[in-house]
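Chemist: Please see the structure below; I have some questions.
The values are calculated or read from the model by the stated rules, or taken from the named source; none is laboratory data. In this text, all values refer to a predicted model and were calculated from it rather than measured experimentally. Cβ: placed from backbone, ideal geometry, glycine included. Neighbour counts: every protein chain shown. For the accessible areas, the whole protein counts, side chains as well, though only heavy atoms, and no ligand, DNA or RNA atoms are used. Shrake-Rupley method; radii C 1.70, N 1.55, O 1.52, S 1.80 Å.
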Amino acid sequence: MTRLPQFTFAFQPIVNVVSGEIASYEALVRGPNGEPAWQVLTQVGPLDLHVLDLQLRIEAIRLASMLGGPCNLNLNLMPRSLDLSAEAITSTLEMAERCGMRADHITLEITEGEIIDDLKRFAEMVNNHRSSGVHFAIDDFGAGYAGLNLLAEFQPDSIKLDMSLVRGIESRGPRQAIVRGIHRTCTDLGIDVIAEGVETEAEYWWFRQEGIELFQGYLFARPGLRQMPLAFYPPSA
C-alpha cells in the first residue's frame, strides 16, 4: 500500500469584485507545518501520484466541511489520474455527497502545463461527468502548449490565467494583447476568466478595465492555513 506524506490545506478565496462576494475557495495543499505544495508532492513517486492526487481532494472536502465554510470549492485534478483511475472524479463526488456538498459546488482544476497524450479521450472522460453538475477549470492557462487545444476539445466553465501573463501586465504590451485575445475567445464561448496571482493594484486595475470580474491573489487575501478567510479587500477606485 502506498504510504502518503502528511499534508493539510490552505484555502484562498476567488473573489468577484463586482458582486463583492467570495465566488469560491481553492484548496492549496501544504505540509503539516505550512510547507509548500512541492515539498509534499515530491515525497511520492510518479507512479503513485494519482493515489495522492485523489486523497488530496477527498481530504480537502473533508476539511472544508469541518470548517463550515460557505463553500464553493476548487480542487486540483492531475490529468494523469484519469488515465490511471476511473474513480478519480467519482470518488471525489461521492466524498462531497457524504459531506453534504453538492456536485455543482465543486470545480476541478486541470493544469494546462501537464502533458495530456490524448486530448480527445481526456475530453470524453471529463465530459462524461458534466451531468453530475461538477464544474471544470483550466489552471495556469497560457503556461503550456495545450490551452487552445483544450478549449477546442472541451469547454471548461472557467480558466485561470497563468501568473506569467498576470505579472506586470500593466506595462507589457505583448501580454496585454494575448490576454485580450484569450478574454475575447472565452467570452464568445461562455467561459469565465479568473486573473490569478494578482499582487499589485496596477495589475488589478488593468484587468478590471478589461472587464475581468474574478480575481485571486495576495492583493485580496492570502491563503488561510486550515481556515477560510471570510473577507477580502479590493482596491478602491
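Chemist: Scan segment 96-109 for residues that are in contact (Cβ under 8 Å) with a residue 12 or more places away in the chain, under 17 Å from M66 (Cα atoms) and part of a helix (DSSP H, G or I) and report the count.
Modeler: 2
Chemist: Another question, then. Among (1) within 30 Å of Y233 (Cβ to Cβ); (2) open to solvent by less than 20 Å² (accessible area, probe 1.4 Å); (3) in a helix (DSSP H, G or I); (4) of a type outside the set (S, T, Y), which single condition is D53 missing?
Modeler: Evaluating D53 over (1) within 30 Å of Y233 (Cβ to Cβ); (2) open to solvent by less than 20 Å² (accessible area, probe 1.4 Å); (3) in a helix (DSSP H, G or I); (4) of a type outside the set (S, T, Y) leaves (1) as the failure.
Chemist: Pairs needed: first member in segment 186-197, in contact (Cβ under 8 Å) with a residue 12 or more places away in the chain and under 16 Å from L150 (Cβ atoms); second member anywhere, outside any helix (DSSP H, G or I) and among the basic types (K, R); C-beta distance under 7 Å; at least 6 residues apart or different chains.
Modeler: Cβ pairs passing all conditions: I194/K160.
Chemist: State the number of residues belonging to segment 1-50 that are assigned to a loop (DSSP other than H, G, I, E, B) and more than 26 Å from E87 (Cα to Cα).
Modeler: Residues flagged as assigned to a loop (DSSP other than H, G, I, E, B) and more than 26 Å from E87 (Cα to Cα) within segment 1-50 amount to 9.
Chemist: Under the condition of being in a loop (DSSP other than H, G, I, E, B) and aliphatic (A, V, I, L, M), which residue from segment 218-227 is farthest from the chain's Cα centre (by Cα)?
Modeler: Per the criteria, the residue is L219.
Chemist: If you scan segment 70-85, which residues turn out to be part of a loop (DSSP other than H, G, I, E, B), over 17 Å from D117 (Cβ atoms) and open to solvent by 20 Å² or more (accessible area, probe 1.4 Å)?
Modeler: Hits for segment 70-85 are P70, N72.
Chemist: So, one more: Identify all residues within segment 33-43 that are open to solvent by 30 Å² or more (accessible area, probe 1.4 Å) and in contact with a helix residue (DSSP H, G or I) (Cβ under 9 Å, 6 or more places away or on another chain); write none if there are none.
Modeler: Scanning segment 33-43 gives L41, Q43.
Chemist: Still on this structure, I have one more. Which residue out of S81, S91 is closer than 24 Å to L148 by Cα and touching a residue at least 24 places away in the same chain (Cβ under 8 Å)?
Modeler: After ruling out the rest, the residue left standing is S81.
Chemist: Also, I was wondering about something else. Taking segment 119-170, which residues are part of a helix (DSSP H, G or I), modelled with pLDDT of 80 or more, small (G, A, S) and open to solvent by less than 10 Å² (accessible area, probe 1.4 Å)?
Modeler: Within segment 119-170, A123 is the sole residue that qualifies.
Chemist: Now for a separate question. Can you find, within segment 1-25, the residue that is surrounded by the fewest Cβ atoms within 10 Å (Cβ to Cβ) among those that are more than 28 Å from L54 (Cβ to Cβ) and either of a type in the set (S, T, Y) or touching a Lys or Arg at 6+ places or on another chain (Cβ under 8 Å) (or both)?
Modeler: S19
Chemist: Of everything in segment 218-237 that's open to solvent by less than 80 Å² (accessible area, probe 1.4 Å) and more than 22 Å from C71 (Cβ to Cβ), which residue is modelled with the lowest pLDDT?
Modeler: Checking each candidate, the answer is P235.
Chemist: Then there's this: Can you tell me which residues in segment 179-217 are open to solvent by less than 20 Å² (accessible area, probe 1.4 Å) and part of a strand (DSSP E or B)?
Modeler: Across segment 179-217, the qualifying residues are V193, I194, A195, F215, Q216.
Chemist: Right, another one. Name the single residue that is nearest to D118 (Cα to Cα) among those in segment 86-95 being of a type in the set (A, V, I, L, M, F, W, C) and in a helix (DSSP H, G or I).
Modeler: L93
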